[in-house]
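Each value in this text was obtained by applying a stated rule to the coordinates, not by laboratory testing. All of these numbers come straight from a predicted model, not from anything done at the bench. Using ideal geometry, Cβ is built from the backbone for each residue, glycine included, and neighbour counts are taken over all protein chains shown.
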Amino acid sequence: MFRLLLLLSFITLFSCASKNPKQTKHQATLKLRIGTSLLSQGLYPQALAELLSAEKLDPENAAVQNNLALAYLVRDKVDLALVHVRRALELKPDYSDARNNYGHILTLNGQAQEGIEQLKQVLDDLTYATPEKTYANLGYAYFTMKDYSSALEYYKKSLKIRRESCSTFNYYSRSLFELKQFQEAATSFDHTARLCQKNQTAEPRYYGALSYFKIGNWDLAKAKFLELVNDFPENVYAKQSQRMLDLIKEAQQ
């Protein structure tokens, strides 16, 4: 669930296109809009069908190629996502939305350094409307490389523009944790947990509890671990929380 949230937070959907007098291009535009809307709603098979129809009608539409990349990405078809996002950039080299997505897809494919190179090109485009997504993508790329200091700096830049991003705040907090700044991480995870509440995300709550454990506040850590176990009994973090509860109980005997 959190991985999907991460994807939808960092990718950029193209939701509109200019009208074209040719009927086929107009139909492709309609298909693109419908497919994009379905993709945003999480109706992935239907979205893919509409976008593939749009591609048949207008195979050289860069926006269609970009959104096809995203439709494949959310279905874990990274190889196909790369094919289509590269095609989008072949058709329109200055397409910063697509380059932002390309950089993030490369990171998800284990090519973080190549992803960083693409993302930094996007930052050179001063007309790009959503640089907070690129900053967050750079943060994630550095996080996967375990360069947590760089990750933290880019997440800070992203949060200066858009503070209410669940996924960005979570990885900002995770970066603090990995840098062993546990007091700051504990406070940050408390905010993240509130921010991510509607997403039913266990990860920030687990790491928040672990942060309190690290700074020696075992009573609060215990309460948070127990709360997580009760709220997410089948989640992997619930199992890890139960192990922490057992550890605390044993240590306090």
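Relative to the dominant Cα principal axis of the chain, helix 62-73 is inclined by about 40°. For the pair Gln23 and Arg243, label points projected 7 Å from Cα toward Cβ lie 6.3 nm apart. Residues of region 83-109 falling in the label zone of Asp124, defined by backbone nitrogen less than 12 Å from a point 7 Å along Cα to beta-carbon, are 94.
Diffusion coefficient of region 21-60 by Stokes-Einstein, Kirkwood radius over Cα pairs, 37 °C, 0.692 mPa s: 337 µm²/s.
Treating the angle as unsigned and between 0 and 90°, give the value, to the nearest 10°, between the Cα long axis of helix 203-214 and the longest Cα principal axis of the chain. For helix 203-214, the angle is close to 30 degrees. Around Arg194, with a cut-off of 12 angstrom between Cβ atoms, what is the net charge of the other residues, counting Lys and Arg +1 and Asp and Glu -1? That works out to 0.
Between the listed residues Phe213, Leu138, Leu126, the Cα displaced farthest toward the positive end of the dipole of region 126-234, a dipole computed from Cβ unit charges relative to the Cα centre, is found at Leu126.
Entry note: region 60-115 has Rg to Rh equal to 0.94, where both radii use alpha-carbon atoms and Rh is the Kirkwood radius.
Region 180-253: percent of C-alpha pairs farther apart than 19 Å? The share of Cα pairs beyond 19 Å in region 180-253 comes to 28 percent. Which far-off residues, 5 or more places away or on another chain, put their amide H under 5 Å from the one on Thr130, with H placed in the peptide plane? The list, which skips near neighbours in sequence, is empty: none. Arranged from fewest to most other beta-carbon atoms within 10 Å of their beta carbon, Lys157, Lys249 become Lys249, Lys157. Put in order of Cβ neighbour count within 10 Å, fewest first, the listed residues Lys224, Lys214 become Lys214, Lys224. With helices as the sole contributors, the chain gives -24000 deg cm²/dmol at 222 nm; each DSSP H run of n ≥ 4 counts as -39500 (n - 2.57), and the sum is divided by every residue. Each residue of region 165-180 was assigned a 3J(HN,Hα) from its phi angle through the Karplus expression (A = 6.51, B = -1.76, C = 1.60, θ = phi - 60°), giving 9, 4, 5, 5, 5, 4, 6, 4, 5, 4, 5, 4, 4, 5, 7, 6 Hz with x at Gly and Pro.
Placing a label point 7 Å from the Cα of Asp219 along the Cα-to-Cβ line, the residues of region 227-250 whose backbone N sits under 17 Å from it are 227, 248-249. Could you work out the local net charge near Lys214, counting Lys and Arg as +1, Asp and Glu as -1, over the other residues with Cβ closer than 13 Å to its Cβ? My count for the surroundings of Lys214 gives 0.
Both numbers refer to the Cα atoms of the chain; Rg and Dmax are 20.6, 78 Å.
Computed from the Cβ-Cβ distance with R0 of 30 Å, the FRET efficiency linking Glu184 to Glu227 stands at 0.90. Between helix 148-161 and the chain there is an angle of about 60 degrees, using the helix long axis and the longest principal axis of the Cα atoms.
Note on Gln253 and Glu153: with the Förster distance fixed at 41 Å, the Cβ-Cβ geometry gives a FRET efficiency of about 0.40. With a sphere of radius 15 Å drawn around the Cβ of Asn100, what net charge do the other residues whose Cβ falls strictly inside it have (Lys, Arg +1; Asp, Glu -1)? Result for the local shell: 0.
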